[in-house]
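The values are calculated or read from the model by the stated rules, or taken from the named source; none is laboratory data. Note that this is a predicted model, so its numbers are computed, not measured. Note that each Cβ is placed from the backbone with ideal geometry, even for glycine, and that neighbours are counted across all protein chains shown. For accessibility, only protein heavy atoms count, side chains too; no ligands or nucleic acids. Shrake-Rupley method; radii C 1.70, N 1.55, O 1.52, S 1.80 Å.
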Amino acid sequence: MNRKFRKTDIVIIIAVAAALIVSIGYWINANRSINNADVEAFIQDQNLDHVLIQQVDTSLYYIFGENVIYAFKGKQHFSKSGYDHKDDVVFGGIIKGSVGLVINDPEIMKQANLYTLTIDGTTRKYNYGGEKYLVIADERIWNPSLQFELSFYDAEGTELYHQE
C-alpha cells in the first residue's frame, strides 16, 4: 500500500515543523544564562549610578538603583519600577516568581528577624537579616497582579509591618 501526500498534508507538516523550530529558538533565548558583562552593559545603557546587584539565579538579576528597581533577564526582557523613599517598604521589579523590596523603615531593619508571605491562603516563613534591599523568590508570585500579604516580625513574634 503506497500512500501519496496531498498538498494540504505537506503544508501542515511544514507549518508544524516551522512552529517547532520557532518554539525551540524562543525557549533557548528565554532560558539563556546572563553574565556579569550583560548586567554591566545594561547598567551603563540605563545610566545607573550607585546600584546594588543581587543575583537570583543564572537568568535573573535584581538591580537596585537610587529610585528604581529592575528585574533583569536580558537587554530586551526586564521589569522596571520607580519608587518613593517615603514608603516603609517598597515593592518593585515584579516578575514571575519574584519581587524586589526596598526596606526604608529603620525599625523593621533593626528589629525584624522573620517575614511571612501569604499567597492563596498559604503562608511561608523566611528569615530576615536586616537587609535594606531584599529579593523574595517564590514561584507563587505572578505579575501583573501582585496579590499577597507580607508581614515582618521581631524575635518576640510582634508584627512590625503588614501589607495586603
>> Just to verify a result, which residue in the stretch 69-88, among those that are surrounded by fewer than 17 Cβ atoms within 10 Å (Cβ to Cβ) and within 17 Å of residue 132 (Cα to Cα), is modelled with the highest pLDDT?
In response: 88
> Which ranges mark the strands (runs of 3 or more DSSP E) fully within the stretch 63-164 that have 3 or more residues being free of Cβ contacts under 8 Å to residues at least 24 places away in the same chain and farther than 21 Å from residue 46 by Cβ?
Replying inline: 122-127
>> Take the residues in the stretch 1-44 that are open to solvent by less than 90 Å² (accessible area, probe 1.4 Å) and of a type in the set (Asp, Glu); name whichever of them is modelled with the highest pLDDT.
In response: 38
>> What's the number of the only condition in (1) in contact with a helix residue (DSSP H, G or I) (Cβ under 8 Å, 6 or more places away or on another chain); (2) open to solvent by 70 Å² or more (accessible area, probe 1.4 Å) that residue 120 fails to meet?
In response: (1)
> Which of the residues that make up the stretch 125-145 are surrounded by 13 or more Cβ atoms within 10 Å (Cβ to Cβ) and either touching an Asp or Glu at 6+ places or on another chain (Cβ under 6 Å) or of a type outside the set (Phe, Trp, Tyr) (or both)?
Replying inline: 130, 131, 132, 134, 135, 136, 137, 138, 140, 141, 143
